[in-house]
Amino acid sequence: MKGAAAVFVATSLLLAIACDAAAVPTADALSVSAFGVGSVHEGPAGFVVLPAAPSVDPVAPIRPDALVERALEHVVARGEGIGTLAARYGVSVSQIAERNGLDARKALAIGQRLAIVSRHVVPPPFDGDILINLPQRMLFRFDAGRAVSAYPVTVGKPGWATPTGDFVVINRQTDKTWIVPPSIQAEMLREGKPVLEQVPPGPENPLGRHWIGTSLPGIGLHGTNAPASIYGFRSHGCVRLHPDDIAALFEATRVGDRGRIVYQPLLLARTADGRIWFEANPDVYRRGVASLQNVREMARLQAIDEGAIDWSLVQKALKHRAGNAIDVGVVAAAGFAADEPGAQAQELTPR
């Protein structure tokens, strides 16, 4: 993206709570992580995994990969709209519009400068290679137990839910012919579309150029011929990435690599300076794991005083479920917020 510049900075002590398809949040699901100040300059194509620092709690395990963050100024190029930028950066259309004082229904002007901030918590780690959190619409790649990259993804739409669970990479293919499953052929017929049995490699192939097959029946990680469709719930169960991102992931992945797909809509974080961050993602599969009571339990388990949290901000986040970490501490409510809508996002100062 020409003319874009990025600076990524954060200082935090993170907490994350997880629920899969059949689980309810419990103390056993809790993961406490610490990380410190980092400042990395990078092009706009990738998130930065922020480095660790000694934990402020000697009991808490240190995680060098608790948060990925992107803050940048983007210069609009020909053919770009808010939707395409939201897809590329892993942030909602409404957040880009609100931050920049825009009407999301109107076209952007070539050369227009937009401030974009996208912040995501890395779910509790595991000893595998690929971790996908469905409500976040994010994929994290691990190396030796440490998250080293992160990508926005599209996952299954309601009725075609992407399954949770562990998997193994069983194949890697370039320019794969799409063999259309009978279920999708039936959908084509119902929708009055031409019924295709297969689609050869090329610009019309919805798999894009790269395919990473998994041991989960019918589920693969692949590219797309429609990059604007990324960061959503639109697939038939597979995990879809931007062409540039799947190319990078493809090169880093080998047959036999292990992965996990989880369902974790809510994440709570307390920074080293006492500020409190909350991320609410859509409970798109209606598994009932995104309630105010869940957040109160998360705070209790981490000994975060309920009086330190502005619960009206938490309720607002739960209502909109925009999928970006926001400051919900009472200090933020008094006006001390780092990323208010409309603020310039070229630099976030370490705290």
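The values are calculated or read from the model by the stated rules, or taken from the named source; none is laboratory data. Quick caveat, the model's predicted, so the values are computed rather than measured. Don't worry about glycine lacking a Cβ; one is built from the backbone with ideal geometry, like all the others, and counts go over all protein chains shown. We work out accessible area using only protein heavy atoms, side chains counted, and drop any ligands, DNA or RNA first. Shrake-Rupley method; radii C 1.70, N 1.55, O 1.52, S 1.80 Å.
General remarks:
- Residues in segment 144-178 that are open to solvent by less than 40 Å² (accessible area, probe 1.4 Å) and within 20 Å of His242 (Cβ to Cβ): 11 in all.
- Just one of the numbered conditions (1) more than 25 Å from Gln95 (Cβ to Cβ); (2) more than 21 Å from the chain's Cα centre (by Cα); (3) not β-branched (Val, Ile, Thr) is not true of Gly259: (2).
- Residue ID - farthest from Ala226 (Cα to Cα), chosen from residues in segment 65-86 that are open to solvent by 10 Å² or more (accessible area, probe 1.4 Å) and not aliphatic (A, V, I, L, M): Glu73
- Top-ranked residue of segment 90-100 - restricted to ones that are part of a loop (DSSP other than H, G, I, E, B) and not polar (S, T, N, Q), ranked as nearest to Tyr231 (Cα to Cα): Gly90
- Single match in Thr162, Thr154 (criterion: assigned to a loop (DSSP other than H, G, I, E, B) and among the hydroxyl-bearing types (Ser, Thr, Tyr)): Thr162
- Contact map, segment 123-138: residues that are closer than 19 Å to Val48 by Cβ paired with residues that are open to solvent by 10 Å² or more (accessible area, probe 1.4 Å) and among the aliphatic types (A, V, I, L, M), Cβ distance under 9 Å, separation 6+ or inter-chain. Pairs shown: Pro123/Ala18; Pro123/Val262; Leu131/Val262; Asn133/Ala18; Asn133/Val262.
- Filtering segment 132-151 to residues that are farther than 15 Å from Gly90 by Cβ and either of a type in the set (Phe, Trp, Tyr) or in a strand (DSSP E or B) (or both) leaves Phe142, Asp143, Arg146, Val148.
- In the condition set (1) touching a residue at least 40 places away in the same chain (Cβ under 8 Å); (2) charged (D, E, K, R); (3) open to solvent by 70 Å² or more (accessible area, probe 1.4 Å), Arg141 is compliant with all but (3).
- Selection within segment 200-218: residues that are open to solvent by less than 40 Å² (accessible area, probe 1.4 Å) and in contact with a Pro (Cβ under 7 Å, 6 or more places away or on another chain). The member of this set that is nearest to Thr84 (Cα to Cα) is Gly208.
- Pairs, first on the phi > 0 side of the Ramachandran plot in segment 203-225, second open to solvent by 30 Å² or more (accessible area, probe 1.4 Å), C-beta under 7 Å, six or more apart: Gly208/Asn225; Gly208/Pro243; Gly218/Pro181
- Residue within segment 101-111 that is outside any loop (DSSP other than H, G, I, E, B) and either modelled with pLDDT of 90 or more or touching a Ser or Thr at 6+ places or on another chain (Cβ under 6 Å) (or both) present: no
- Counting only helices (runs of 4 or more DSSP H) wholly contained in segment 238-338, the ones carrying 3 or more residues that are modelled with pLDDT of 90 or more and open to solvent by 30 Å² or more (accessible area, probe 1.4 Å) occupy 243-252, 292-301, 311-320.
- Criterion violated by Glu187 - all others in (1) part of a helix (DSSP H, G or I); (2) under 23 Å from Lys319 (Cβ atoms) satisfied: (2)
Results for (1) assigned to a loop (DSSP other than H, G, I, E, B); (2) hydroxyl-bearing (Ser, Thr, Tyr); (3) under 21 Å from Gly232 (Cα atoms), shown as yes or no for each residue.
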{"site": "Ala71", "(1), (2), (3)": "no, no, yes"}
{"site": "Gly83", "(1), (2), (3)": "no, no, yes"}
{"site": "Arg88", "(1), (2), (3)": "no, no, yes"}
{"site": "Leu114", "(1), (2), (3)": "no, no, no"}
{"site": "Pro123", "(1), (2), (3)": "yes, no, yes"}
